[in-house]
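S.K.: Take this structure first; my questions come after.
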Amino acid sequence: MECNTRYLDFFLGALSPAGFHGYFAQLTAQPGLTPFLIKAGPGCGKSTMMKKLAALGSGTVERIHCSSDPASLDGAVFWEQNTAILDATAPHTLEPACPVAVEQVVSLYHTLDRARMQANAGEVRALFGRCACLQGRAARYLAAAGALLLENRRLAAGVADEGKARRYAARLAERRMPRQEGPGRESVRLLSAVTPDGILAYRNTVEALADDVIVLRDEYGAVSRVILEELRRQALERGLFVITCRCPLAPEDKIDHLLLPELGLAVLTSNSWHPMEFCGQHNMRCSRFADPEGLRARRQRMRFNQKAAAELLAQTSALQREARCAHNELETYYKSAADFARVDAVMAETACSMGLVTKP
């Protein structure tokens, strides 16, 4: 591993109330990026290949984790080389829009013994079906939790001064976000997700990118949502590069965190689901923008919703663990049919093509 490599950990997709929601296609459409898309079955070495390629990187390397199994990778992004390698199979299937000219397809299907796989076709089909069924059930529990948390956000928003929150964000942008030449740029990521191991947040990524950390303490997300939306708008208008980290329970509607690497600045939401604690952070309590009497009147209902959502999220993770077990069983069939010497040969060729190593 290169000593000058800075590793960042993110998710690029996760289970949401509407099923899997990801940003893989947005990444591959990034101007100037050369995406390498891996096509293979489960257990054929995709994650291991991406881990080895990430270890060869220098500069800034993003490790994109699989929310269904955070120990595995779904991709790696190499900032200096302006390239990325991504798992292009379900649930984040990717097809090249401009094959070879832009996207490069890395296939591992030829490394599988077809006769062996066909001999186990019934078992493989059943396990694929079981994984899908369990993930579907997990999504329904997540949707129920998301509905309760959305209700809390709406209740809190009903007693919040949105205009005051936006004015605070505008003043903060004026102090902390100097204008740059050129247009703003945005990458969308997830810093946290509901996983088989519970709610996981990559706080180490914040430490790698920011030494100036502002934490918005907001249990219900109504005020922090307004502040982060305004800060994102201001950052892009001022020509800055911003990493927008969306909420996995409301990916189309709510931002959880903003990271501005050029400024070494992070603005984070902290709550009981993903508490944020960093040395020297600046805290801002979002309750200052709300009517305290109005919050007190709604507190009993909001506490009930919070407790019920916690139980539903625990069941979501439990079902994801069952799905991971089924997926691990599925992988055994593919592993037994894979020629890993051929997989290693593909990895070596890919590393050269990506500019991570020089050709011998």
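S.K.: What does the extension gain come out to for R175 and R298, with contour length at 0.36 nm per residue minus their alpha carbon separation?
M.R.: So the chain would gain 40.8 nm between R175 and R298.
S.K.: What are the ³J(HN,Hα) couplings of the range 182-192, residue after residue, when phi is run through the Karplus curve with 6.51, -1.76, 1.60 and θ = phi - 60°? Round to Hz, x for glycine and proline.
M.R.: Listing the rounded values in order: x, x, x, 10, 9, 10, 9, 9, 10, 8, 9 Hz.
S.K.: Same structure again: About its Cα centre, what dipole magnitude does the chain give when the only charges are +1 on Lys and Arg Cβ and -1 on Asp and Glu Cβ, stated in debye to the nearest 20?
M.R.: With Lys and Arg at +1 and Asp and Glu at -1, about 940 debye.
S.K.: Taking the Cα atoms of the chain, report the difference between the largest and smallest coordinate on each principal axis, in whole Å and largest first.
M.R.: Sorted from largest, the Cα extents of the chain read 70, 47, 35 Å.
S.K.: What residues have an amide H closer than 5 Å to that of T83, excluding those fewer than 5 places away on the same chain, when H is modeled at 1.01 Å from N in the peptide plane?
M.R.: Under 5 Å from the amide H of T83 lie the amide H atoms of T34, F78, each far enough along the sequence or on another chain.
S.K.: Quick one: ranking D291, D197 by accessible area, 1.4 Å probe, largest first, what do you get?
M.R.: Reading off the accessible areas and sorting them downward yields D197, D291.
S.K.: Let me ask you something else. Starting from 0.36 nm per residue, how many nanometres of slack lie between R154 and T60 once their C-alpha separation is accounted for?
M.R.: 30.0 nm
S.K.: Please list, or write none, the lysines whose alpha carbon is within less than 26 Å of the alpha carbon of K52, excluding same-chain residues fewer than 8 places away.
M.R.: Hits, sequence-local ones excluded: K39, K335, K359.
S.K.: Quick one: Karplus J couplings for the range 80-90, per residue in order, coefficients 6.51, -1.76, 1.60, θ = phi - 60°, nearest Hz, x for Gly and Pro?
M.R.: Once θ is set to phi - 60°, the couplings for the range 80-90 become 5, 7, 6, 9, 8, 10, 9, 6, 9, 9, 4 Hz.
S.K.: Set the Förster distance to 25 Å, then compute FRET efficiency between Q81 and A345 from the Cβ-Cβ distance, nearest 0.05.
M.R.: Computed FRET efficiency for Q81 and A345: 0.75.
S.K.: Still on this structure: What is the helix-to-structure angle for 222-237, meaning the angle in degrees between its Cα long axis and the longest Cα principal axis of the chain, kept from 0 to 90 and rounded to the nearest 10?
M.R.: Once rounded, the angle reads 70 degrees.
S.K.: Subtract the Cα-Cα distance of L33 and D212 from 0.36 nm times their separation in residues, and report this length gain in nm to one decimal.
M.R.: Extra length available between L33 and D212 comes to 61.5 nm.
S.K.: With r as the distance between the Cβ atoms of R233 and N283 and R0 = 35 Å, compute the FRET efficiency 1/(1 + (r/R0)^6) and round to 0.05.
M.R.: Once the sixth-power term is evaluated, E becomes 0.90.
S.K.: Percent of accessible area on the chain owned by carbon and sulfur, 1.4 Å probe?
M.R.: That share works out to 51 percent.
S.K.: Where the centre of each part is set by its Cα atoms, how far does the range 281-360 sit from the range 186-232, in angstrom?
M.R.: 14 Å
S.K.: Tell me which of A348, G239, L249 sits at the most positive position along the dipole axis of the range 198-348, charges placed on C-beta atoms (Lys, Arg +1; Asp, Glu -1).
M.R.: Checking the options against the dipole of the range 198-348, the answer is L249.
S.K.: Separate question: Any idea what angle helix 162-176 forms with the longest principal axis of the chain, computed on alpha-carbon atoms, 0 to 90 degrees, nearest 10?
M.R.: Approximately 70 degrees, to the nearest 10.
S.K.: List the residues, sorted by chain then number, that are 5 or more residues from F241 or on another chain and whose placed amide H is less than 5 Å from its amide H.
M.R.: Correct list: R185, E262.
S.K.: Once every DSSP H run of n ≥ 4 in the chain is given -39500 (n - 2.57) and the sum is divided by its residues, what mean residue ellipticity at 222 nm do you get, rounded to the nearest 500 deg cm²/dmol?
M.R.: Dividing the helical sum by the residues of the chain leaves -14500 deg cm²/dmol.
S.K.: At 1.4 Å probe size, what's the solvent-accessible area of L94? Round to the nearest 10 Å².
M.R.: Its heavy atoms expose roughly 20 Å² to the probe.
S.K.: Heavy-atom accessible area per residue, the chain, 1.4 Å probe: how many Å²?
M.R.: Normalised by residue count, the accessible surface of the chain is 46 Å².
S.K.: Work out the FRET efficiency for E95 and E162 from their Cβ-Cβ distance, taking R0 = 56 Å, and round it to the nearest 0.05.
M.R.: Computed FRET efficiency for E95 and E162: 0.85.
S.K.: Hey, for a label at Q26 modelled as a point 7 Å past Cα toward Cβ, could you say which residues of the range 214-256 have their backbone N under 12 Å away?
M.R.: Output list for this probe position: 242-248, 251-256.
S.K.: Of S224, S272, S287, which is the most mobile in a GNM of the chain whose springs link Cα atoms less than 10 angstrom apart?
M.R.: S272
The values are calculated or read from the model by the stated rules, or taken from the named source; none is laboratory data. Only a predicted model underlies this, so the values are computations on that prediction, with no experimental measurement involved. Cβ sites come from the backbone with ideal geometry, for glycine too, and all protein chains shown count toward neighbours. Remember, those area values only see protein heavy atoms, side chains included, never the ligands or the DNA or RNA. Shrake-Rupley method; radii C 1.70, N 1.55, O 1.52, S 1.80 Å.
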